[in-house]
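Asks: Before I ask anything, here is the structure I am working with.
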Amino acid sequence: MAKSNQCKITSIGGSALIEGIMMRGPKRTTVAVRTGENEIHTEDLTFKSISSKGKFFRLPFIRGFVGIIDSMRLSYKALAISADKALEAGEIEEEEPSKFEKWLTDKFGDNLMKVIMVIATILGVALAIGLFFFLPSLIYDGIAYLIKEFWSFDILSKDLVWASFAKSAFEGVLKIVLFLTYIILCSRMQEMKRVFMYHGAEHKTIFCYEAGLELNVENIKKQKRFHPRCGTSFLVVTLLLGIVLGLFIPANIGVLRPIFKILLLPLMVGLGYEVIKLCGKHDNWFTRMLAAPGMWAQRITTKEPDEKMIEVAIEAMTPVIPDDGSDIIKKS
C-alpha cells in the first residue's frame, strides 16, 4: 500500500456508520448514506458542542473528556440517520414486530427510539464499567486469595513494593484482551465488517485530502487506512494510560480500587486525547512509538473499502472542507 505524503494536517474527523460515513469539520458536519446503487443521501447535522460554550472546556486535559461526550452525542444523531436510511433502502431487513415491540410502540409512540437509546446507553455504560473496571480487579483478587490459601503468599500485601504494579499490569492486560476479543468477534459479523470497510474509506479520504490530492476514487484507493488520530487508537492509548494511573492506587483496598479508577476516568480520557493529538500533529520516533499499539489495533477495526464506499466518503468529506482553511492544524 502506498504511503500518503501529507502536505497538511486537518482537524476534520469522522466515523463509520451503517452503510455510511459522518465527517465533522470546524464549521459543518455531514452524514452521507448509500440508499441505492447510484444514490447517496447527504444530510447536515446541527450540533451545539460543549466546547463552544467557553474557553474552560477547551483547556488541555479538559477538552479531551468534553470532546468524547460531544462525539458520543453527535454519533447517536448520525447513527440514527444512517439506520433510518439503510432501513428505508432495504439494506437492513425489517422483521415483524413482536407483541412486546408493538406494546412499546403504542406506549411511547414517536419517542420510542429515544427511550430505546437511553436504555441502551445505560446498559452499555453499566456493562463497560463491569467488564473494564470491576471484573479485572475481582479476578486478580480471586487469584490472590487462592495463592494465599494454597501457598501462603500474599501478593496483595502492602509490604510488597511491586503489589500495585502487578495488579495494575494484570488489569491493564486483561482489559486490552477483552477489548481486542470484542472487536475481533465484531469483525466476523458481516454487518460490522462493512462498517469497518467504511471506517477504512473514512481514513483514506482524510489522508487523500491531507496529501493535497483531488478527492476521487483512484487517488483515495492509494492511501493508507491506518490514521494516528483514530478513535481505536484513542481507546487503546487510554487503556494503556490506565495501567500507569493504576500504579498510584493501592492494590489491597478491595472494591474501592475500581471506584477510584472510575473517578480517574476523566483524567485518563483527557491524557489519552492529548497523546492522540500529539501523534496526529507530529511524526517522529517518539510519536510513532506512542501510536504503534493503536495503529496495530486498526488492522482489525478498518478494512479495505470498495469503490462505492469511497464514493460515500467523498460525499461526506467535500461539504465539510472550509473555504478559509480553518481546519488546517499544521502544514508540512
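The values are calculated or read from the model by the stated rules, or taken from the named source; none is laboratory data. Keep in mind the model is a prediction, meaning the values are calculated, not measured. As a convention, Cβ positions derive from the backbone with ideal geometry for all residues, glycine included, and neighbour counts pool all protein chains shown. Areas reflect the complete protein model, heavy atoms only, side chains present, ligands, DNA and RNA absent. Shrake-Rupley method; radii C 1.70, N 1.55, O 1.52, S 1.80 Å.
Asks: Mind telling me which of the residues ILE206, ILE184 ends up being at pLDDT 90 or above, open to solvent by 50 Å² or more (accessible area, probe 1.4 Å), more than 19 Å from LEU135 (Cα to Cα) and β-branched (Val, Ile, Thr)?
Replies: ILE184
Asks: So which residues in segment 200-229 are touching a helix residue (DSSP H, G or I) at 6+ places or on another chain (Cβ under 6 Å) and part of a helix (DSSP H, G or I), if there are any at all?
Replies: Within segment 200-229, ALA201, GLU202, LYS204, THR205, CYS208, VAL217, ASN219, ILE220 qualify.
Asks: Which residue, of PHE150, PHE132, is open to solvent by 90 Å² or more (accessible area, probe 1.4 Å), part of a helix (DSSP H, G or I), modelled with pLDDT of 80 or more and over 30 Å from ASN38 (Cα atoms)?
Replies: PHE150
Asks: Cβ-Cβ under 8 Å, sequence separation 6+ or interchain: first residue in segment 34-51 and at pLDDT below 90, partner surrounded by fewer than 17 Cβ atoms within 10 Å (Cβ to Cβ) and assigned to a strand (DSSP E or B). Which pairs?
Replies: Close Cβ pairs satisfying both conditions: none exist.
Residue-wise test of (1) over 20 Å from the mean Cα position of the chain (by Cα); (2) of a type outside the set (Ser, Thr, Tyr); (3) farther than 23 Å from VAL31 by Cβ.
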| site | (1), (2), (3) |
| --- | --- |
| GLY231 | no, yes, no |
| VAL269 | no, yes, yes |
| HIS282 | yes, yes, yes |
| ASP306 | yes, yes, no |
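Asks: Just give me the residues in segment 317-332 being aliphatic (A, V, I, L, M) and open to solvent by less than 50 Å² (accessible area, probe 1.4 Å), in sequence order.
Replies: Matches in segment 317-332: MET317, VAL320, ILE321, ILE328.
Asks: Please enumerate the residues belonging to segment 1-59 that are closer than 20 Å to THR232 by Cβ and part of a strand (DSSP E or B).
Replies: ILE9, THR10, GLY13, GLY14, SER15, ALA16, LEU17, GLY20, ILE21, MET22, MET23, ARG24
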